[in-house]
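K.L.:
What follows is a structure written as structure tokens; I'll ask about it next.
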Amino acid sequence: MKLLDIPNLKFLKVGVDSDPLNNNNLEYLEKQNAIAALIVNHAGDKVLFVNQYRPGVHNYIYEVPAGLIDEGEEPIHALEREVREETGYRREDYDIIYDSNTGFLVSPGYTTEKIFIYIIKLKSDDIVPLELDLDDTENLYTRWIDIRDAGKLTLDMKTIFSLHIYANIIR
């Protein structure tokens, strides 16, 4: 584990706000918004997870494909880009069956980040994805998981939340 000086951070900015009632200083992280995509196969019985190293837990974890929204980019375009890069599926390969629209606050006590949740369903289980197009800092692989086992493989909040939303859609 390596600790970095604050000026060397690439995507986190530290801010200080003051509580309007008592003027206490409150630290927070200014962070880009992100998208997360639960990808369901056409039959609806499997979900596609990525497995990658996450420094916050110092380990590899299974989670839904996700990524940051670039400055000026619409969440839907970030979805299309991230799904293509991390899974090989193109926009014409799937239908969007859930869109959180305004996004959800990740942890408002310390960060400005919102995450936009999407659930997408492949148009066919016969679609062959393109080769992954990962960023230089990404090292991941994909794995189809039986939907009944998916919640047991991760503690990732965005993944568990997406699975719960999907469970309510298919009821």
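The values are calculated or read from the model by the stated rules, or taken from the named source; none is laboratory data. This structure is a prediction, so every number in the text was calculated from the model and none was measured. A quick note on method: Cβ atoms are made from the backbone with ideal geometry, for glycine too, and the neighbour counts reach across all protein chains shown. Calculation scope for accessible area: heavy atoms of the full protein, side chains included, ligands and nucleic acids excluded. Shrake-Rupley method; radii C 1.70, N 1.55, O 1.52, S 1.80 Å.
K.L.:
Given a Förster radius of 25 Å and the C-beta distance between Lys13 and Lys152 as r, what FRET efficiency does 1/(1 + (r/R0)^6) yield to the nearest 0.05?
P.N.:
0.10
K.L.:
Oh, and also: How large, in Å, is the chain by the Kirkwood hydrodynamic radius built from its alpha-carbon pairs?
P.N.:
That comes to 17.3 Å for the chain.
K.L.:
Build a GNM of the chain with springs between Cα atoms under 10 Å: which of Ser124, Ser107, Ser18 gets the top mean-square fluctuation?
P.N.:
Ser18
K.L.:
Roll a 1.4 angstrom probe over the protein heavy atoms and tell me the percent of accessible area of the chain that is carbon or sulfur.
P.N.:
On the chain, the fraction of accessible area on carbon and sulfur atoms equals 51 percent.
K.L.:
Just need log10 I(q)/I(0) for the stretch 1-87 at q = 0.11 Å⁻¹, Debye formula, equal scatterers on the alpha-carbon atoms, no solvent, rounded to two decimals.
P.N.:
-0.49
K.L.:
Taking only Cα atoms and a 10 Å spring cutoff, compute GNM fluctuations for the chain and point out the largest among Glu80, Glu30, Glu63.
P.N.:
Highest fluctuation among the options: Glu30.
K.L.:
Can you work out the FRET efficiency for the pair Ala43 and Thr137, with r the C-beta to C-beta distance and R0 = 35 Å, to the nearest 0.05?
P.N.:
For R0 = 35 Å, the calculated efficiency reads 0.55.
K.L.:
In addition: Picking from Leu134, Leu26, Leu155, which is most flexible by a Gaussian network model of the chain using Cα springs under 10 Å?
P.N.:
For the chain, modelled as a Gaussian network with Cα springs under 10 Å, the answer is Leu26.
K.L.:
If you don't mind, there's one more thing I want to ask. First measure r as the distance between the Cβ atoms of Ser124 and Glu74, then evaluate 1/(1 + (r/R0)^6) with R0 = 25 Å and state the FRET efficiency to the nearest 0.05.
P.N.:
My answer for the efficiency is 0.40.
K.L.:
Determine the sum of side-chain charges near Glu30: Lys and Arg each +1, Asp and Glu each -1, restricted to other residues whose C-beta is under 10 angstrom from that of Glu30.
P.N.:
The answer is +1.
K.L.:
Note the full-extension length gain between Arg90 and Leu26 as 0.36 nm times their separation in residues minus their Cα-Cα distance, in nm to one decimal.
P.N.:
18.8 nm
K.L.:
Another question, then. Express the relative contact order of the chain as a whole percentage, based on alpha carbon pairs under 8 Å and six or more residues apart in sequence.
P.N.:
27
K.L.:
Can you work out the accessible area per residue across the chain, with the rest of the protein chains kept in place, probe 1.4 Å, in square angstrom?
P.N.:
Per-residue value: 63 Å².
K.L.:
Kindly provide the trypsin sites (Lys or Arg not before Pro) of the stretch 1-80 that DSSP labels as loop, not H, G, I, E or B, and whose Cβ sees at most 11 other Cβ atoms within 10 Å.
P.N.:
Here the sparse-neighbourhood loop sites are Lys2, Lys10.
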